[in-house]
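*Asks:* Here you go, one structure.
The values are calculated or read from the model by the stated rules, or taken from the named source; none is laboratory data. Source: prediction; values computed, not measured. As a convention, Cβ positions derive from the backbone with ideal geometry for all residues, glycine included, and neighbour counts pool all protein chains shown. The area values use the complete protein model at the heavy-atom level, side chains included, leaving out ligands, DNA and RNA. Shrake-Rupley method; radii C 1.70, N 1.55, O 1.52, S 1.80 Å.
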Amino acid sequence: MAAAPTIEELIAEEETIQLGGFDYELAWRLGCAIRETAAARNLPIAIEISHHGTAVFSALLPGASPDNLVWVRRKRAVVERFNRSSLYMRLLCERNATEFHARYRLPHADFAASGGGVPIRIRNVGIIGAVAISGLPDVEDHALAMQALGKLA
C-alpha cells in the first residue's frame, strides 16, 4: 500500500491539477479512462464522476460490490461539503486528533472521510464536481483519481 501524502502535498496537488473546462463529454472520457485503467489492472472499483452534485458517470467493475457505490457517494459528499479531497479531510482529522463525524456533526451514512473523492477544479472558476473511486486502499483510490485528472489538465 502506498504511503499517504502530507496535507501540504495534497493542497499543492489540488491547486496544480485544474482543468480548462468541463462538460458531460469530458466527464464521460474521464470516467472511461479510469475504467480502462482499472480493467487493465483488474482493479475491483466503483467510479463516479459528478457535476454540481449530480452523478454524470458511474461504473462498477468486476470484483467491486454495490457497497462501493455507497462509498463513492459518501466520498463525493465530503468533497462537495468541504471543497477538498476526502483524503485531505481524513488526514486533517488525524493530525488534529479528532473524529471526522463527531467534529463536523455529519452522519456516517452520508459522509466518508476516506481517500478517493477528489474535486474537479476549473481554472479561474473553482470546483464544479468530483471524481470518486472506491475499492482499493484509500490512498490508492485517491492516486488513481488524481492521475486521471492530471492527464486532462
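*Asks:* Does region 16-35 contain at least one residue that is of a type in the set (Ser, Thr, Tyr), on the phi < 0 side of the Ramachandran plot and in contact with a Pro (Cβ under 7 Å, 6 or more places away or on another chain)?
*Replies:* Looking through region 16-35, none of the residues is of a type in the set (Ser, Thr, Tyr), on the phi < 0 side of the Ramachandran plot and in contact with a Pro (Cβ under 7 Å, 6 or more places away or on another chain).
Here's the yes/no breakdown for (1) in contact with a Phe, Trp or Tyr (Cβ under 6 Å, 6 or more places away or on another chain); (2) open to solvent by 50 Å² or more (accessible area, probe 1.4 Å); (3) free of Cβ contacts under 8 Å to residues at least 12 places away in the same chain:
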position	(1), (2), (3)
42	no, yes, no
49	yes, no, no
54	no, yes, yes
58	no, yes, no
61	no, no, no
72	no, no, no
75	no, no, no
79	no, no, no
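*Asks:* I need the full set of residues from region 13-36 which are open to solvent by less than 40 Å² (accessible area, probe 1.4 Å) and either modelled with pLDDT of 95 or more or among the basic types (Lys, Arg) (or both), in order please. Give the derivation first.
*Replies:* Step one: filter region 13-36 for residues open to solvent by less than 40 Å² (accessible area, probe 1.4 Å), giving 14, 17, 19, 21-22, 26-27, 30-32, 34.
Within region 13-36, 17, 19, 21, 22, 26, 27, 30, 31, 32, 34 qualify.
*Asks:* What residue, among those in region 101-127 that are open to solvent by less than 20 Å² (accessible area, probe 1.4 Å) and in a strand (DSSP E or B), is farthest from residue 15 (Cα to Cα)?
*Replies:* 117
*Asks:* Follow-up question, since we're still on this one. Just a yes or no: is a residue in region 23-38 within 22 Å of residue 135 (Cβ to Cβ) and either touching an Asp or Glu at 6+ places or on another chain (Cβ under 7 Å) or not in a helix (DSSP H, G or I) (or both)?
*Replies:* Step one: list which residues in region 23-38 are within 22 Å of residue 135 (Cβ to Cβ), which gives 27-38.
Filter once more, so that each one left must be either touching an Asp or Glu at 6+ places or on another chain (Cβ under 7 Å) or not in a helix (DSSP H, G or I) (or both): none.
Within region 23-38, none of the residues are within 22 Å of residue 135 (Cβ to Cβ) and either touching an Asp or Glu at 6+ places or on another chain (Cβ under 7 Å) or not in a helix (DSSP H, G or I) (or both).
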